[in-house]
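Have a look at the structure below, then the notes.
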Amino acid sequence: MPSASRIPTFSTEDVARTGFFYAGGKYVGPPGKEVMDGAEYVEVMVPKKIRHPYPIVIFHGAGQTGTDWLQTPDGRPGWTYFFLKQGYTVYMVDYPARGRSAYVPDVDGGLTIRTAPNLEQVFTDIGAQGNWPQAKKFTQWPGEGPNHGKMGDPVFDRFAKTQVQFLAGGKQAQLNLDAHTALLDIIGTPVILLTHSQGGEFGWQIADARPKLVKAIITAEPVGPPIKGVDIAKIAYNQNANLSWGVTSLPLHYDPPVNDPSELQPVLEEKSEGPDVVPCYLQKEPAHKLVNLKDIPVLDVSGEASYHRVFDSCIAKWLNQAGVKTEYVKMEDAGLTGNEHEMMLDKNSDEIAKFFATWLDKHAH
């Protein structure tokens, strides 16, 4: 049996069955040299007692994989095991060209990877290195010692090892839409989407493509804001295009129909909610409605210390204006304080999952 002090393990007593498969994919390349591209690794775990009819499908962030949900870097069970204990079947993915899903050179596009100093600055040592106002409120990174949250901290080092290369261009969104469509069609029953960061965009896309197969969406700091990027240190917009279709980079079904994102006529709010956040881009009224998402309840949460707080409310405002019932929660208002963007790894990760489960009991029963 492995030494608990060196190899962290935990009980899987709530798991009845587990397995993996691949969703989507197609052959690419010239005759005689075909390779499979665009397939997505999917891992499924079924609890001993299923108490909820709707499985949870979890989408990860940029540079990350399905391992985010299995175990925290300090060795605690991840969100997957929390929801299994609640009686949910859980599906986790590695996006196409990521992790355990094949990347095809010369087909999928260029790759990038975050550096360790960048991981410190935006995720783990933000109280000292974060250049946005809310960073000083960070209290929840696990581990201890003089290198807490930095290279040399064993917890940080384990976290850094989970960060992988990812597609640098816009190819990921289309690959994911194709794979996620195949995945939901395979599952065949309505699911709950639990998305994080980059995965937020992919959640809106698949809910728009398969609205009858999505019962509810919980999104933890989805990628944003709409229309343009933000300089988080200056708390101001830059000229980088961002999510031109409002909450996605790919077309969505709006009513009246939109053939080009410029038809959404985005306008900037006259003023922001406060000095530490940007004003939001919204549609010029009357707003086009996201007709395929209008019956799907959404919970959108934002960590107190995260760099996302500078712009986080803008996705929820865009969705609500477009007719999508979206509850935006600043986590400290729910008693969940001091969190950063990688909240599923923070010390209070189980308390956050419990908050999600309570919301689901009310909105996806």
> Whose amide H sits under 5 Å from the amide H of residue 71, counting only residues 5 or more places off or on another chain, with H placed in the peptide plane?
Replying inline: 78
> For region 42-92, how big is Rg over Rh, using alpha carbon atoms and the Kirkwood form of Rh?
Replying inline: 0.98
> Tell me, what is the per residue accessible area of region 81-147 in Å², probe radius 1.4 Å?
Replying inline: 42 Å²
> How many nm is it between the label spots at residue 362 and residue 294, if each spot is 7 Å from the Cα in line with the beta carbon?
Replying inline: 2.4 nm
> Mind ordering 105-118, 340-353 by average Cβ neighbours within 10 Å, highest first?
Replying inline: 340-353, 105-118
> What residues of region 96-122 lie in the reach of a label at residue 36, counting those whose backbone N is under 16 Å from a point 7 Å from the Cα along Cα→Cβ?
Replying inline: 96-105
> Length gain on complete extension for the stretch residue 273 to residue 129, per 0.36 nm per residue less the alpha carbon to alpha carbon distance?
Replying inline: 49.3 nm
> So, in Å, what gap is there between the alpha-carbon centers of region 87-119 and region 287-365?
Replying inline: 24 Å
> How many percent of all Cα-Cα pairs in region 130-233 sit more than 22 Å apart?
Replying inline: 51 percent
> Mind listing the phi-derived Karplus ³J(HN,Hα) values for region 267-284, rounded to whole Hz, using 6.51, -1.76 and 1.60 with θ = phi - 60°, and x for any glycine or proline?
Replying inline: 10, 8, 3, 5, 8, 7, 6, x, x, 9, 9, 7, x, 10, 7, 10, 6, 5
> Considering only protein heavy atoms, what per residue accessible area in square angstrom results for region 218-296 with a 1.4 angstrom probe?
Replying inline: 51 Å²
> Using 7 Å Cα-to-Cβ label points, what is the residue 48/residue 113 separation (nm, one decimal)?
Replying inline: 4.0 nm
>> Students often get this wrong, so try it: which of [x] 63, 53, 45; [y] 78, 61, 52; [z] 97, 45, 35 is Cα extents along the principal axes in Å as calculated from the structure shown?
In response: [x]
> residue 174 versus residue 9, label points 7 Å from Cα toward the beta carbon: distance in nm?
Replying inline: 4.6 nm
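How much length would be gained if the chain were fully extended between residue 16 and residue 212, taking 0.36 nm per residue of separation minus their Cα-Cα distance, in nm to one decimal?
Contour length minus Cα-Cα distance gives 67.8 nm.
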>> Among the listed pairs 137/317; 26/330; 228/330; 33/171, which have their C-alpha atoms separated by more than 31 angstrom in this model?
In response: 26/330
> Roughly what % antiparallel, to the nearest 5, for the DSSP beta bridges in the chain?
Replying inline: 55 percent
>> Tell me the relative contact order for the chain as a rounded percent, counting alpha carbon contacts under 8 Å between residues six or more apart.
In response: 17 percent
> When the accessible area of region 45-114 is computed with all protein chains present and a 1.4 Å probe, what percentage of it is carbon and sulfur?
Replying inline: 54 percent
> Cα centroids of region 231-280 and region 45-83: how far apart, whole angstrom?
Replying inline: 31 Å
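Using just the helices of the chain, give the 222 nm mean residue ellipticity in deg cm²/dmol: DSSP H runs with n ≥ 4 each add -39,500 (n - 2.57), and the total is spread over all residues, rounded to 500. Write out the running numbers ahead of the final one.
Values: 8 runs with 76 residues, N = 365.
After summing the helix terms and dividing by the residues of the chain, the value is -6000 deg cm²/dmol.
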>> In whole percent, and with a 1.4 Å probe on the protein chains, what portion of the accessible area of region 298-356 is carbon and sulfur?
In response: 48 percent
> Hey, can you rank 225-235, 201-211 by average C-beta count inside 10 Å, highest first?
Replying inline: 201-211, 225-235
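The values are calculated or read from the model by the stated rules, or taken from the named source; none is laboratory data. Fair warning: this is a prediction, and the values are worked out from it, not measured in the lab. FYI the Cβ positions are ideal-geometry reconstructions off the backbone, even for glycines, and counts take in every protein chain you see. Calculation scope for accessible area: heavy atoms of the full protein, side chains included, ligands and nucleic acids excluded. Shrake-Rupley method; radii C 1.70, N 1.55, O 1.52, S 1.80 Å.
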